[in-house]
Amino acid sequence: MLDISILKKLSKINVLVVDSNKITIQKLKNALSLYCKNVYFAKDGIEGFELFEKNRPDVIISDINLPELNGLEMVHLIHEISPSIPVIIATANDSSKNILESIKQGVYTYLRKPIAIEELQIALLLAAKNIYNSKIYLDKGFIYDKESKLLFTADKNEVPLTKLEKELLHLLISNINKIVEYSTIENYVWQNRSMSIKALRMRIKEIRHKTYCNIIENISGCGYRINSYK
């Protein structure tokens with residue numbers, strides 16, 4: 001049994017659980033609801049994807065064998081929008097095919113059912129470790145707070161950003177040192193609306209104007225990237 005002081009570290013985490021088994025759902029509800037900030041539950045892959053889009057959780061726990069849309073297909077759709085979100089697969093069907101597909105889809109870790117609650121809690125703590133380290137230090141003294149999605153100058157003044165600029169900056173910083181492709185930016189920032197390259201460039205230009213010129217790097221033909229401060 002993990003110490004309560006350790007479990008309190010889960011208090012900032014929003015978790016989405018996707019499982020068709022009512023007993024598993026109840027077990028996880030009892031185990032996680034006491035410690036996590038919010039826990040959302042879905043009974044199939046389609047509902048899981050819809051709840052992800054609505055609530056944008058920090059971590060996802062999912063079975064593979066789900067009605068409507070299986071767990072790995074759901075993960076693929078989610079990672080097209082938010083490639084950095086950690087996914088914990090919990091399943092009794094740990095075939096080589098499923099394990100290989102989980103690796104391909106960038107799954108964080110793989111737990112066998114029946115789920116050992118302490119093992120799951122440890123996996124959650126490790127998967128969400130970046131939430132605790134919410135301050136990201138950028139060049140020119142700028143500081144980004146991932147938890148509040150706010151950007152501050154070196155003298156701690158908030159940088160005024162529009163909603164689109166906030167979402168774009170959050171996506172890039174959540175994938176720091178990685179190229180974020182145009183399609184991912186469109187899915188995450190513009191969501192159900194179409195995105196023109198001109199509109200994206202305007203948002204990038206505005207963020208640079210409010211901060212500094214090379215905060216966001218253009219990777220020609222691919223997308224954009226923010227690099228960590230060196």
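The values are calculated or read from the model by the stated rules, or taken from the named source; none is laboratory data. Not measured: the values here are computed from a predicted model. Cβ placement follows ideal geometry from the backbone for every residue including glycine, while neighbour counts extend to all protein chains displayed. Note: accessible area is taken over every heavy atom of the protein model, side chains too, but ligands, DNA and RNA are not part of it. Shrake-Rupley method; radii C 1.70, N 1.55, O 1.52, S 1.80 Å.
All of (1) more than 28 Å from Cys213 (Cβ to Cβ); (2) open to solvent by 40 Å² or more (accessible area, probe 1.4 Å); (3) more than 16 Å from the chain's Cα centre (by Cα) hold for Ile115 with one exception: (2).
Restricting to the range 54-72, what's the tally of residues that are buried (at least 16 other Cβ atoms within 10 Å of the Cβ), closer than 20 Å to Ile185 by Cα and of a type outside the set (A, V, I, L, M, F, W, C)? Break it down into steps so the answer makes sense when it comes.
Pass one, the range 54-72, residues buried (at least 16 other Cβ atoms within 10 Å of the Cβ): 57-64, 66, 69-72.
Checking which are closer than 20 Å to Ile185 by Cα leaves us with 57-59.
After this cut, where a residue has to be of a type outside the set (A, V, I, L, M, F, W, C) as well, the list is 57-58.
Of the residues in that region, 2 qualify.
Could you identify the single residue in Ile89, Ile85 that is touching a Pro at 6+ places or on another chain (Cβ under 8 Å) and either of a type in the set (A, V, I, L, M) or open to solvent by 10 Å² or more (accessible area, probe 1.4 Å) (or both)?
On the way: Ile89 fails: touching a Pro at 6+ places or on another chain (Cβ under 8 Å).
Just one listed residue meets the conditions, Ile85.
Does Asn177 fit the bill of being among the polar types (S, T, N, Q), over 30 Å from Leu72 (Cα atoms) and open to solvent by 40 Å² or more (accessible area, probe 1.4 Å)? So Asn177 fails the test. Of all positions in the range 196-206, at least one carries a residue that is assigned to a helix (DSSP H, G or I), touching a residue at least 12 places away in the same chain (Cβ under 8 Å), on the phi < 0 side of the Ramachandran plot and not aliphatic (A, V, I, L, M).
Across the range 123-153, the qualifying residues are those that are aliphatic (A, V, I, L, M) and without any contact (Cβ under 8 Å) to a residue 24 or more places away in the chain, and the one among them that is surrounded by the fewest Cβ atoms within 10 Å (Cβ to Cβ) is Leu126.
Of the numbered criteria (1) open to solvent by 50 Å² or more (accessible area, probe 1.4 Å); (2) in contact with a Leu (Cβ under 7 Å, 6 or more places away or on another chain), the one Ile99 fails is (2). Just to be sure before I move on: is Leu169 open to solvent by less than 60 Å² (accessible area, probe 1.4 Å), part of a loop (DSSP other than H, G, I, E, B) and in contact (Cβ under 8 Å) with a residue 24 or more places away in the chain in the structure I sent? In short, no.
Residues to consider are Lys37, Lys12, Lys27; find the one that is touching a residue at least 12 places away in the same chain (Cβ under 8 Å), over 30 Å from Arg225 (Cβ atoms) and among the basic types (Lys, Arg).
On the way: Lys37 fails: over 30 Å from Arg225 (Cβ atoms); Lys12 fails: over 30 Å from Arg225 (Cβ atoms).
That would be Lys27, the only listed residue that is touching a residue at least 12 places away in the same chain (Cβ under 8 Å), over 30 Å from Arg225 (Cβ atoms) and among the basic types (Lys, Arg).
Listed conditions (1) modelled with pLDDT under 90; (2) in a helix (DSSP H, G or I); (3) open to solvent by 30 Å² or more (accessible area, probe 1.4 Å) are all met by Lys156, apart from (2). Scanning the range 78-122 for residues that are β-branched (Val, Ile, Thr) and without any contact (Cβ under 8 Å) to a residue 24 or more places away in the chain returns Ile99, Ile103, Thr109. When the range 207-230 is filtered for residues that are assigned to a helix (DSSP H, G or I) and loosely packed, with under 12 Cβ neighbours inside 10 Å, only His209 remains.
Residue count for the range 159-180, restricted to those that are at pLDDT 90 or above and among the hydroxyl-bearing types (Ser, Thr, Tyr): 1. Residue check: Lys104 meets all listed conditions (1) open to solvent by 60 Å² or more (accessible area, probe 1.4 Å); (2) farther than 24 Å from Asn177 by Cα but one, namely (2).
Being among the aliphatic types (A, V, I, L, M) and open to solvent by 20 Å² or more (accessible area, probe 1.4 Å) is the filter here, so list the residues in the range 18-36 that pass it. Steps first, please.
Step one: filter the range 18-36 for residues among the aliphatic types (A, V, I, L, M), giving 18, 23, 25, 28, 31-32, 34.
Within the range 18-36, Ile23, Ile25, Leu34 meet the criteria.
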